[in-house]
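Report on one structure; see the data block that follows.
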Amino acid sequence: MNDVVFAPAVTATPAQQEHQFEFTGQGGEYFRIWIVNLLLTIVTLGLYSAWAKVRREQYFHRNTLLDGSGFEYHGQPWSILKGRIIVVAAILVYNLLGGLSPVLGVAGMIVLLVATPWIICQAIRFRAANTSWRGVHLSFTGTVGGVARVYLLNGLLVLVTLGLAGPWWLNRFQTYLFSNLRFGGQQFAAYPSLKAYYRACFAFLLFMVLGVVAIGVVAVGGVSGASTAAGRGAAAMLMATMVFGFYIGMYFFAGSYLRARLGNALWNDTRVGPHAFVSDLRARRLFVILLTNALGIVCTLGLFLPVAKVRMARYRAATLSLLAAGSLDDFVAEQEQQVRALGEQAAELLDVDLGF
Amino acid sequence: MSTLASDYPGRYFDGRSTRAVEVRVRCDDTMLHLAGEVVASWPYAQLQISERIGRSQRRILLPGGAFIEVGDGPQWDGLAQTGGGHMGLLQRLEAHWQAVLVSAVATVLLCWAAYIWLLPLSVEWVSRWVPETWVSRLSSESLDLLDRVYTAPSTLPAARREALTATFASWRTPDGRPPPYRLHFRQGTRLGANALALLSGDIVITDELILKAKDDDEILGVLAHELGHVHARHALRQTVQGALLVVLANLMLGDAADMTGTVAGLLSLRYSRDFEREADDYAARMMRANGRDPAHLAHLLQRLEQGNGGGLDYFRTHPLTEERAHRLGATP
């Protein structure tokens, strides 16, 4: 495993300027868009969901600002609808095959597994190609073979090591995806530290194990401490409720910790051309946001969902900035590459969105 | 269109590089004028304005791939109507709180209607098209799974098992036919006192349940209840409905994919209680048709409940026992 990549140290020189990402969307505003999307999707029996996705993505892209300019989403609803029809048809065929005979079912599963890298590659390509900032598009230069290597082949090692290689797998996978992004003639470079991934995943596991042990000790102590049978019953009910609450809390906390650590590890070691990213996610703040979001969604039977999504986008943008070495004016769209990408489009059905 | 006398700040991009050029945008009756580092004018017919989404920035698309970023404002909607863009139905729906409120209420009502009427109908329809081979494979798999994980071979005397099988075989369904089923005796171990109906019509009953019963009529009542599930193909409908609910929840909640499993699970509880009621009614009809009192089944249910203690009623897969006993005509 060669995970040590030497990168020039990021130090603030006078030429460097930190540009904070900013999300200007509002919960109430997105609620309106979301509810109209939902209504039209239901009325059209799901067909409108492709147009709904375009509108949702446009809202989140345009409201994400960098140096005062919003991002733009260019995905076409028909491409998204095509992708959705393909996915639904594939799921139907897969289920029917499985129903007809177990052998065909297994064959279908293998085909699906082999197709996964293509699906991932296609989804990221579509998303990158349809995202622009100040008129210049992102692009994804990864290949199906490359994704197959980091996703499937490395995945085998995770199986063989019973999960020990999991953080390594995630590290390699994300490194591959991020290093293959391009923006206006500038290649992204990602070299996230493997040690940070292992540390974060280990701490996550430790949190969960300690949580379960604590629950066990308290529960057994509480129930056996009660003297009467009725008391034991009541204590058990109380314990069950407490354990449930505590477990949810643990899950959210450990999850927030993992998310914050991994997010920071990845973005803080990612560059685009000479510019670096700075990510400052905090586990505690993330925990509060995720927990209140979940409570809000449950208490309003889902109507809080759009507000929750906006709150998350706000926090993510507020904790990410671009440390620019010089001016942000010098990204230039690659005309030739655009043309080549269009050639590939026809060959590989590029204008199909397989990402949900 | 009204004359827009004032001018607005904007940023011009040539569409080839990210270089931002600060400009002032001024509109008159026929043309859009840029002043500042770029000085140019275009007739409205050559322009396109990006749709309004919330209050986010707008883009005025110029011929040849260049564009201007401007802040949102009603002045651009006026332009959009004269230019290529449009102020569509969506923007009008989103802009008025009354429309938003109506949308919200309509969405909730439609979801409810789909859940109450449309889903059972489509489940019914899909279940009819599921191939028989699939059904028999699934049920042999679930019987295997039961034997591997949940149950052990029955320890009841063979004579007792044969007697029960023979008695039930002598019964007639409410429409007067011999009951179509295969009966399997198992020791419940992890299932406890229980009975299950599988997709294919196989019925599994545990030793524990048989031992809890005071007389054979109670056991036969349970078998009739399970036969009710078989008769209405409940197991198959449950499988199909589970799959449909997951697909639907995914479509609706595209934003929160990780919650769909939970939501679909909660939504299926109501159906599962409906299935139980249907099976109870079938059992009652069958018991009466064979000259037995449905109260026998109710008594066994009540005895089982005493053994279990309370629980979170909302999250039960079965209706409340008192309610079921009442329907079966038992005196409390």
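No value in this document is a laboratory result; all are computed from the given coordinates. Just so it is clear, the model here is predicted, and its values are computed rather than measured. Reconstructed Cβ throughout: ideal geometry from the backbone, glycine too, with neighbour counts over all protein chains shown.
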In a solvent-free Debye calculation with one equal scatterer on each Cα, what is log10 I(q)/I(0) for region A:280-338 at q = 0.28, 0.30 Å⁻¹, listed in the order of the q values? -1.11, -1.16
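Would you please report the Å³ per residue occupied by the convex hull of the alpha carbon atoms in region A:117-227?
Taking the convex hull of the Cα positions in region A:117-227, it is 156 Å³ per residue.
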Using packing as a proxy for protection, rank A:65-77, A:238-250 so that the peptide with the highest average count of other Cβ atoms within 10 Å comes first. A:65-77, A:238-250
Return the Rg/Rh ratio of region A:131-178 with Cα-based radii and a Kirkwood Rh. 1.18
Neighbouring Cβ atoms within 10 Å as the yardstick, rank B:C111, B:C27 fewest first. B:C111, B:C27
How many Cβ atoms of partner chains, on average, are near each residue of B:97-105 if near means within 10 Å of its Cβ? 4
Under the classification rounded if a/c is under 1.5, otherwise prolate if a/b is larger than b/c and oblate if not, where does region B:67-208 fall, given a ≥ b ≥ c as square roots of the Cα gyration tensor eigenvalues? prolate
When the convex hull of the C-alpha atoms of region A:248-293 is computed, what volume per residue in Å³ does it have? 57
Averaged over its residues, how many other protein chain Cβ atoms are within 10 Å of peptide B:19-26's Cβ atoms? 2
Rg/Rh ratio calculated on Cα atoms of region A:26-167 (Kirkwood radius): 1.06
Report the FRET efficiency, 1/(1 + (r/R0)^6), for A:A89 and B:R148, where r is their Cβ-Cβ distance and R0 is 41 Å, rounded to 0.05. 0.75
Enumerate the lysines that A:K82 could reach by cross-link, defined here as Cα to Cα under 20 Å, with residues fewer than 8 away along the same chain left out. A:K53
